[in-house]
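Okay, so here's the structure we're looking at.
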Amino acid sequence: MHIPDGYLSLEVWTTTTVAGAAAAACALRRTRVELAQPQVPAAALAGAFIFAAQMLNFPIAGATSGHFLGSALAAILFGPWASAAIMTAVLIVQAVLFHDGGITALGANMLCTAVIGSFAGWGVYKAGLRLLKGRLHAAASFAAAWASIVAAAGGVALLLALSGAAPLGAVLDAMLGWHALIGIGEGLITMAAVAWLTERRPALAREGAAA
């Protein structure tokens, strides 16, 4: 889902760079306030896992790639602002050190993956828990992960279309179609991870949900 350099227009990448920087600053500020000190090592470990999982990607149509996202998992465990901060750190390291995603597209990737992905996943997870009255955490986790990656893919498609890189219909079909399928794997991984942590580290899951 990383957008490379050269696909966003000047207007789009400058606007998303400013917006992405503002979102990252806000996420860091909120994370310092909301993330409990005992959770910091776990958040760093989650970031390392997401970084490694995201490195396994494959090209799809529409000038981008598909891969595990991880935003919903981080949001469920640590809250949406901490998730946005974790995902921002992952994206910066990938772009600067591994050239996975463009430098000029970093703000756009941050907005789609870190912001849209985190808040979409967190919102669906919280709504699912309310709907299910606190039961079936696994189902809420699966739905959150699926919605997170599809929403982020929709954001990427819109930015590519606004830049003239591809027609909106074509890039939406490619991105949403592929990521709806990838979202099934994302949901299963997230569901398993949340279930494992809820069983072995229930305090972590409770604190993340409360955030």
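Summary table below
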{"quantity": "Within segment 143-186, tally of residues that are in a helix (DSSP H, G or I), out of contact with any Asp or Glu (no Cβ under 9 Å at 6 or more places or on another chain) and farther than 21 Å from G20 by Cβ", "calculated": "19"}
{"quantity": "Criterion (over 26 Å from V124 (Cα atoms) and polar (S, T, N, Q)) met by exactly one of T31, T16, T104", "calculated": "T104"}
{"quantity": "Members of segment 125-142 that are hydrophobic (A, V, I, L, M, F, W, C) and either surrounded by fewer than 23 Cβ atoms within 10 Å (Cβ to Cβ) or touching a Pro at 6+ places or on another chain (Cβ under 6 Å) (or both)", "calculated": "A127, L129, L131, L132, L136, A138, A139"}
{"quantity": "Neighbours by Cβ (under 6 Å, 6+ apart or cross-chain): first from segment 31-44, closer than 17 Å to A89 by Cα; second among the small types (G, A, S)", "calculated": "T31/A82; T31/A85; L35/A82"}
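We did not get these values from a lab; they are worked out from the coordinates using the rules stated. Owing to the predicted nature of the structure, the values given are computational and were not obtained by experimental measurement. A quick note on method: Cβ atoms are made from the backbone with ideal geometry, for glycine too, and the neighbour counts reach across all protein chains shown.
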